[in-house]
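The values are calculated or read from the model by the stated rules, or taken from the named source; none is laboratory data. Predicted model only: the values in this text are computed from it and were never measured. In this analysis, Cβ positions are derived from the backbone assuming ideal geometry, glycine residues included, and neighbour counts consider all displayed protein chains. We work out accessible area using only protein heavy atoms, side chains counted, and drop any ligands, DNA or RNA first. Shrake-Rupley method; radii C 1.70, N 1.55, O 1.52, S 1.80 Å.
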Amino acid sequence: MNTSLCPSRIAVLASGRGSNLQCLLDGIASNQLQAEIAGVFSDKPDAPALAKVPAERRWARAPGEFESRPAFDLALADAVAACRPDWIVCAGYMRILGEGFVQRFNGRLINIHPSLLPLHKGLHTHARALQAGDAEHGASVHFVVPELDAGAVIAQARVRVQPDDTAESLAARVLKTEHPLLLATVQLLVAGRITEQAGVIQLDGQSLFSPLRLDSAGTLA
Ligand code: GRF
């Protein structure tokens, strides 16, 4: 938690277009989020997300430049640590983070995943939700643990699956909910209202037995 009067420093990891990063930047610009984006980090040097922050706040290296996966992870972790983040947000970061990275930032590292976890961990979540005949689909913000998409879920946004949905139409509807979901969750984190212990999330000191849910007003309850 950031106990100073300074805005929380957020590092964002992103591999692609960066619409979730943009929603955090918009929240900061409109004073809805008391934070600053201290750095954007990518495994894809041409990721459009990078262009959303000034050059001195960008770090991007291709994993292929490194002799091993741990060597890339260490360089990434050192670069992230150098921007002194209070929180690290994976927002469309498409590379699995190694255990060393996850342990180093344990309790400060979150991810937004496009499914109602624990359903559909990993890739192709929208197609898999359709294939499974799910009536509802959505997005989850969770703490990151070494096991993929398995950390404690803080909050979720739900959408109804429509009979004529394709993976693309469903992805577009889920993405629209990801933005308010991520903003509302990060607001709670930077306010110091969320903690996690042994896989249990607490809000204002009370254990949550199910993830917070985003309502139509963009509020978590
Ligand atoms: C989002 O759907 C996010 O949930 C997933 O990757 C996508 C990233 O979108 N992990 P963007 O780069 O934030 O626009």
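A few remarks follow.
- By the rule of a C-alpha distance below 18 Å, with chain neighbours fewer than 8 residues away ignored, the aspartates and glutamates paired with Lys44 are Glu56, Glu65, Glu67, Asp73, Asp78.
- Lys, Arg +1 and Asp, Glu -1 on Cβ, resulting dipole of the chain about Cα centre, debye, nearest 20: 220
- Radius 15 Å from Cβ of Leu24, net charge of other residues (Lys, Arg +1; Asp, Glu -1): 0
- 9 Å beta-carbon shell around His120, net charge (K/R +1, D/E -1): 0
- For the pair region 12-36 / region 155-221, the C-alpha centres are spaced 16 Å from each other.
- DSSP-loop trypsin sites (Lys or Arg not before Pro) across region 33-91, with at most 16 other Cβ within 10 angstrom: Arg61
- Surface share of carbon and sulfur [accessible, 1.4 angstrom probe, percent] for the chain: 53
- Positive-end residue of Ile10, Ala77, Ala139, charge dipole of region 8-213 with Cβ unit charges: Ile10
- Positive-end residue, the chain charge dipole about Cα centroid, Cβ charges, pick of Leu148, Ser207, Ala167: Ser207
- With helices as the sole contributors, the chain gives -9000 deg cm²/dmol at 222 nm; each DSSP H run of n ≥ 4 counts as -39500 (n - 2.57), and the sum is divided by every residue.
- Cα centroid separation, region 107-150 to region 50-87 (Å): 24
- Under-5 Å amide H pairs with Ala60, H placed in peptide plane, nonlocal only: Ser42
- Loop sites in region 140-221: trypsin sites (Lys or Arg not before Pro), DSSP, at most 16 other Cβ within 10 Å: Arg193
- From phi via Karplus (6.51, -1.76, 1.60), per-residue ³J(HN,Hα) for region 97-105 in Hz, x at Gly/Pro: 7, x, 4, x, 5, 4, 5, 4, 10
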